[in-house]
Amino acid sequence: MSTPTILREGTILPEGQVVRYTFEERACHWVNGVTYLFCMLTGLAFYSPYLYWMSYVGGSPATARTLHPWVGVFFFVAMLWMHTLWKVQMASIPEDQQWKDNMKYYIENRDELLPPAGRFNAGQKLFYWVMYYAAIILLLTGVVMWFPELMPRNLHWLLTIIIPIHAAAALVTIGAFIIHIYMGILMVPGGLKGIAYGRVSEEWAAHHHRLWYEKIKKDSR
């Protein structure tokens, strides 16, 4: 079997595994995650004096202040990259509403009671869109905060609105990020392996994303 075929998402491998994520998808995910984590930690350091010690993640407070907006731009670019890869699959499907109505079973880790999900379940899609739109807000407000001298003097009062909006958008992403880590790694065994190595077992795929698995099984015939 050729390498391009093996790397294609949804390929069923001879050893009973399925390609969950391509190399490009995994690279994009980790670039997105690392840049976000840096911005989150340094942003929290600037948000509260009690968290100022977090600024040393950038080497020093001054360096963190310099790097924060630049890394924020890289985070947004990575988010756009991810959007080109997943925007179609992140679109809502009729089965998503059934999944949302039974989300409590996902929270309780009783996946056997959940309706079948596609490649991404409704919870993953919700996280994705929260991060996507919040990234846009963070970029727009962040640029204004980055270059306040470019704002006309008679509009400087807008900073009193823009800064809280930037902070609020950041806090929303932090909450979503914590839930994503908790549910995607701690509550779903095998989830981290999938995004790290790109492969999951057929049993895992059928259990957690049955609609996706049934589709790739049908396409492989």
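The values are calculated or read from the model by the stated rules, or taken from the named source; none is laboratory data. This structure is a prediction, so every number in the text was calculated from the model and none was measured. Note that each Cβ is placed from the backbone with ideal geometry, even for glycine, and that neighbours are counted across all protein chains shown.
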Answer residue from the stretch 106-128, given it is among the hydrophobic types (A, V, I, L, M, F, W, C) and exposed (fewer than 15 other Cβ atoms within 10 Å of the Cβ) and is farthest from Asn32 (Cα to Cα) among those: Leu113
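Listed here are the residues, each with its yes/no results for (1) of a type outside the set (A, V, I, L, M, F, W, C); (2) within 25 Å of Tyr132 (Cα to Cα); (3) touching a strand residue (DSSP E or B) at 6+ places or on another chain (Cβ under 7 Å); (4) outside any helix (DSSP H, G or I).
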| position | (1), (2), (3), (4) |
| --- | --- |
| Tyr36 | yes, yes, no, no |
| Ala45 | no, yes, no, no |
| Leu80 | no, yes, no, no |
| Ser92 | yes, yes, no, yes |
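Listed residues Val172, Val188, Val200; which is in a helix (DSSP H, G or I), touching a residue at least 12 places away in the same chain (Cβ under 8 Å) and among the β-branched types (Val, Ile, Thr)?
From the options Val172, Val188, Val200, the qualifying one is Val172.
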Residue match in the stretch 99-115 (condition: under 18 Å from the mean Cα position of the chain (by Cα) and either free of Cβ contacts under 8 Å to residues at least 24 places away in the same chain or outside any helix (DSSP H, G or I) (or both)): no
Tally, over the stretch 138-163, of residues that are among the small types (Gly, Ala, Ser) and over 32 Å from the mean Cα position of the chain (by Cα): 0
Candidates Gly72, Gly58, filtered to the one that is in contact with a helix residue (DSSP H, G or I) (Cβ under 8 Å, 6 or more places away or on another chain), closer than 18 Å to Val144 by Cα, in contact (Cβ under 8 Å) with a residue 12 or more places away in the chain and not acidic (Asp, Glu): Gly72
Top-ranked residue in the stretch 30-62 [being hydroxyl-bearing (Ser, Thr, Tyr) and modelled with pLDDT of 95 or more; ranked as surrounded by the fewest Cβ atoms within 10 Å (Cβ to Cβ)]: Thr35
Any hit, the stretch 206-220, residues being in contact (Cβ under 8 Å) with a residue 60 or more places away in the chain, in contact with a strand residue (DSSP E or B) (Cβ under 6 Å, 6 or more places away or on another chain), farther than 19 Å from Gly33 by Cα and surrounded by 12 or more Cβ atoms within 10 Å (Cβ to Cβ): no
